[in-house]
1. Taking the full set of protein chains and a 1.4 angstrom probe, give the accessible area of HIS88 in square angstrom, rounded to the nearest 10.
2. Ordering LYS51, LYS310 by accessible area with a probe of 1.4 Å, largest first, what comes out?
3. Compute and list, largest first, the equivalent-ellipsoid semi-axes of region 41-125 from the alpha carbon gyration tensor, each √(5λ) rounded to a whole angstrom.
4. Compute the acute angle (0 to 90°) between the alpha-carbon long axis of helix 58-73 and the principal axis of greatest extent of the alpha-carbon atoms of the chain; round to the nearest 10°.
5. Per the 1.4 Å probe, what fraction of the accessible area of the chain, in percent, lies on carbon and sulfur atoms?
6. Determine the calculated [θ] at 222 nm for the chain from helices alone, applying -39500 (n - 2.57) to every DSSP H run no shorter than 4 residues and normalising by the residue count; nearest 500 deg cm²/dmol.
7. Per 0.36 nm of contour for each residue apart, how much would the distance between LYS9 and GLU32 grow if the chain were fully extended, relative to their Cα-Cα spacing?
8. Quote the FRET efficiency, to the nearest 0.05, computed for TYR118 versus GLU208 with a Förster distance R0 of 56 Å and r equal to the Cβ-Cβ distance.
Amino acid sequence: MEAQIHSDKDQSLEVARNVFWEQAKSLQTIGESLNGEVSLAVNLMHKCTGKVIISGMGKSGIIGKKIAATLASTGTPSFFVHPGEAYHGDLGMIGADDLVVLISYSGETDEVVKLLPYIRHIQAKSIAITGNSDSTLAIAADVHLDVSVEREACPNNLAPTTSTTATLVMGDALAVALMDRRGFMPVDFARFHPGGSLGRKLLTQVQEVMHPVPSIQEDASFANVVHQISEGGKGIVCILSQAGDLVGVVTDGDLRRAIEKHGNTESLIAQDIMGKMPTTVPKGANLYECEGLMREKRLTSLVVVNDQLKPAGVIKSFDA
């Protein structure tokens, strides 16, 4: 019995691996065969003054919803229209300034094909994504994108698997090409994702979340340094020159290293143990920039400075 279970597990693993391999092979083939139609599709999307409307039935419709969501979140106004619902009032969502992307692997899905007369009537542009370049949709559309695959990953070559993956990747390819065309930057992405982690980091300035940081003179005693770090509660104290300029910082780690090195710390002052020329950021910096800076320099704290380059606070790694 145990041997049978082990054999079944090996078989399942092999089948799963083959699905990845088969789909990867098909995607590579499609990628290598891409032609000028993709550029034409990107041009249509980029020039569209209305919305990019995606439509498809069944599994193609599910993929279409994801493509619409990806386009919308990357700077291309887009939404999904169900082809069946379109004939019960939703055709009013499609206007002459819109671009309609019709998805059907066969290119002959009845509910999708029935949209063509209306699209022609309002003179809207269209893109067809199919696996059949001789299909009704492929011939009728202004641009046809071929996602034909040799076979589905399904052992019976029936369930949409590789073909839906290819359609999804085609949608991603269009979205990314549009991002490149528009010069879409992380801060643009954040505007559409203010509730996400990246959005928060890009839209939040450090002055909104920074913590108060104690400051002492560079001739302060070791005991005073320890006291100020403990009072501040953030494991860091800023060291100022006699003129009030920031000249260094002392962290918990600096205290430990000083004890290990000197043993007797009674004669030490802040200047003896501080880290000089600390990395700082202005109050207007965002958390995304701070995270990258801390990762690059392997820091756990950044001193925030005001317009006069005086310490205004501290940002910790867990804040970013």
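1. 150 Å²
2. On the way: LYS51 90, LYS310 60 Å².
I get LYS51, LYS310, largest accessible area first.
3. Values: eigenvalues 66, 48, 26 Å².
For region 41-125, the ellipsoid semi-axes come out as 18, 16, 11 Å.
4. Taking Cα atoms only, the helix is inclined about 40 degrees.
5. Working: 9100 of 17290 Å².
Ligands and nucleic acids excluded, carbon and sulfur reach 53 percent.
6. Values: 14 runs with 152 residues, N = 320.
Result for the chain: -14500 deg cm²/dmol, rounded to the nearest 500.
7. Numbers: separation 23, 0.36 × 23 = 8.28 nm, distance 3.49 nm.
The LYS9-GLU32 span can extend by a further 4.8 nm.
8. On the way: r = 49 Å, r/R0 = 0.88.
It comes to 0.70.
The values are calculated or read from the model by the stated rules, or taken from the named source; none is laboratory data. Computed from a predicted structure; not experimentally measured. Cβ: placed from backbone, ideal geometry, glycine included. Neighbour counts: every protein chain shown. Please note that ligands, DNA and RNA were not included when accessible areas were found on the heavy atoms of the full protein model with its side chains. Shrake-Rupley method; radii C 1.70, N 1.55, O 1.52, S 1.80 Å.
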